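For reference, the structure is listed below as structure tokens.
The values are calculated or read from the model by the stated rules, or taken from the named source; none is laboratory data. Quick caveat, the model's predicted, so the values are computed rather than measured. Positions of Cβ are backbone-derived with ideal geometry, glycine not excepted, and every protein chain shown enters the neighbour counts. All accessible areas refer to the heavy atoms of the entire protein, side chains included, with ligands and DNA or RNA removed. Shrake-Rupley method; radii C 1.70, N 1.55, O 1.52, S 1.80 Å.
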Amino acid sequence: MKKFRLYGALCALLLLSFSATSHAALIDNGNGLIYDEDLDITWLANASSGGNQDWDSAVAWAAALTVGGATNWRLPTVDTCTASPCTGEFNHLFYDELVGTTGTPLTGNVGLFSGIQGVYWSGNERDAGSAWVFYFGNSGLAGTRDWAFKTNGVATWAVHAGNISAVPVPAAAWLFASGLLGLIGLSRRHQAPAVT
């Protein structure tokens, strides 16, 4: 009977560990990395880490980043979406994840991020002399796309394709499985020998 309770508790723990993360769209991977499982991208948690730069410098800054052992960072995409669901990465973050509304600064849960600025460069060029920006604050412009001359100093944020995690998911799964097997082995070791 004791054996069945142990197995039941372990199975419940396993199910809870998977269900706790299966419905979350933004996951804090630690080390300043926030994973968006809807778009399969990783955001820098520090939304002001790039500072204010002209567009060419911002693109170069993101491309030169190495965070969490990953290279090939870039500026986020933006589109004309102003309501959920959105495919532009900035739009999706604003409307779908942080629950913003057009013309209103964020009031939702922004606790995963620090240093959110009013306006950011996107990776999308408008033409040879300008690029698209996305407004997170600034009164009536919140949640909208606009353009700015590439020579302007605008806040810079970076994303990376895929899940950049502090502990790789396969390694974490193996670690969990080995711990589970160790607990099962210990429970067998402490059982009384069968009387024949």
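What the table below lists for this structure:
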quantity: Total residues in the stretch 124-159, condition open to solvent by 40 Å² or more (accessible area, probe 1.4 Å) and in a strand (DSSP E or B); calculated: 9
quantity: Condition check for Leu75: surrounded by 14 or more Cβ atoms within 10 Å (Cβ to Cβ), closer than 18 Å to Thr42 by Cα and in contact (Cβ under 8 Å) with a residue 24 or more places away in the chain; calculated: yes
quantity: Test set (1) in a helix (DSSP H, G or I); (2) free of Cβ contacts under 8 Å to residues at least 40 places away in the same chain - Leu93 fails condition number; calculated: (2)
quantity: Of the criteria (1) free of Cβ contacts under 8 Å to residues at least 24 places away in the same chain; (2) in contact with a Lys or Arg (Cβ under 9 Å, 6 or more places away or on another chain); (3) surrounded by fewer than 18 Cβ atoms within 10 Å (Cβ to Cβ), which one Cys81 fails; calculated: (3)
quantity: Breaking point among (1) surrounded by fewer than 22 Cβ atoms within 10 Å (Cβ to Cβ); (2) out of contact with any helix residue (DSSP H, G or I) (no Cβ under 7 Å at 6 or more places or on another chain), for His92; calculated: (1)
